[in-house]
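The values are calculated or read from the model by the stated rules, or taken from the named source; none is laboratory data. These figures come from a predicted structure and were not determined experimentally. Backbone-built Cβ (ideal geometry, glycine too); neighbour counts: all protein chains shown.
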């Protein structure tokens, strides 16, 4: 397909993706064409690139949220045990991280940012 003219490759990529519907093979197909999409200019290629960008933004946001929580705890002079640090950095839920950040401002200990969770 890489050497096929764009006007031939694009429809094949699109029709294959559409034909697979929501079957597990669709995800396999998407991963196969996602290996190098630079030569595909089709709708599905753009969609896959956009999904990758969105996932990257979400992961980056969660990592930044975790770093913010740790920064507040450390700036307050609180001891952050390894298990607490790991729980914070392993969290990928922005809502939880925001809640922990708010608690980190006033919590007497790092462990207490988790509340009853």
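Overview of results
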{"item": "Residues located in the stretch 95-117, provided they are under 21 Å from residue 63 (Cβ atoms), touching a residue at least 24 places away in the same chain (Cβ under 8 Å) and surrounded by 14 or more Cβ atoms within 10 Å (Cβ to Cβ)", "result": "97, 100, 101, 104, 110, 113, 114"}
{"item": "Test: residue 67 is out of contact with any strand residue (DSSP E or B) (no Cβ under 9 Å at 6 or more places or on another chain), at pLDDT below 65 and in a helix (DSSP H, G or I)", "result": "no"}
{"item": "Subset tally (residues that are part of a loop (DSSP other than H, G, I, E, B) and closer than 18 Å to residue 82 by Cα) for the stretch 97-114", "result": "3"}
